[in-house]
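One structure is given below, encoded as structure tokens.
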Amino acid sequence: QVQLVESGGGLVQPGGSLRLSCAASGRVYRVYDMGWYRQAPGNERELVAAITSGGSTNYADSVKGRFTISRDNGKNTVYLQMNSLTPEDTAVYYCHAQLSRIIYWGQGTQVTVSS
């Protein structure tokens, strides 16, 4: 069993930055592929960024060059550094962990980009 707890969301002005954190419980955290998804009102949940257990990353085209995903296995934490934020980035951001068919989700953290 893995539990995921996100933090770091909030209100930021356009052009600003936020760093989201996802703390994972469980001794086997390091073997999970991790990711960040987001869901805006009226939209489907979409992948933002992902990082494998080996450290390979991929990003949605809309965030490439602005967002960076990383993980610290010693702290059982995955991060999402978000720069140059725009109102279109406003959404609830969810942490995701997957090992084969086993999937876990965090409760989500709200990110609002507005002046």
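The values are calculated or read from the model by the stated rules, or taken from the named source; none is laboratory data. Remember, it's a predicted structure, so these values are computed and weren't measured experimentally. Here the Cβ positions follow ideal geometry from the backbone for every residue, glycine too, while neighbour counts run over all protein chains shown. For the accessible areas, the whole protein counts, side chains as well, though only heavy atoms, and no ligand, DNA or RNA atoms are used. Shrake-Rupley method; radii C 1.70, N 1.55, O 1.52, S 1.80 Å.
Of all residues in the range 1-30, those that are within 20 Å of Val48 (Cα to Cα) and in contact (Cβ under 8 Å) with a residue 24 or more places away in the chain have Cβ atoms under 8 Å from Cβ atoms of residues that are outside any strand (DSSP E or B) and among the charged types (D, E, K, R), 6 or more apart or on another chain, in Ala23/Lys75.
Scanning the range 58-105 for residues that are of a type in the set (Val, Ile, Thr), exposed (fewer than 15 other Cβ atoms within 10 Å of the Cβ), in a strand (DSSP E or B) and out of contact with any His (no Cβ under 9 Å at 6 or more places or on another chain) turns up just one, Ile102. Taking the options Val2, Val48, name whichever one is surrounded by 17 or more Cβ atoms within 10 Å (Cβ to Cβ) and assigned to a loop (DSSP other than H, G, I, E, B). Sole residue among the options that is surrounded by 17 or more Cβ atoms within 10 Å (Cβ to Cβ) and assigned to a loop (DSSP other than H, G, I, E, B): Val2. When the range 24-45 is filtered for residues that are open to solvent by 20 Å² or more (accessible area, probe 1.4 Å), in a strand (DSSP E or B) and at pLDDT below 95, only Asp33 remains.
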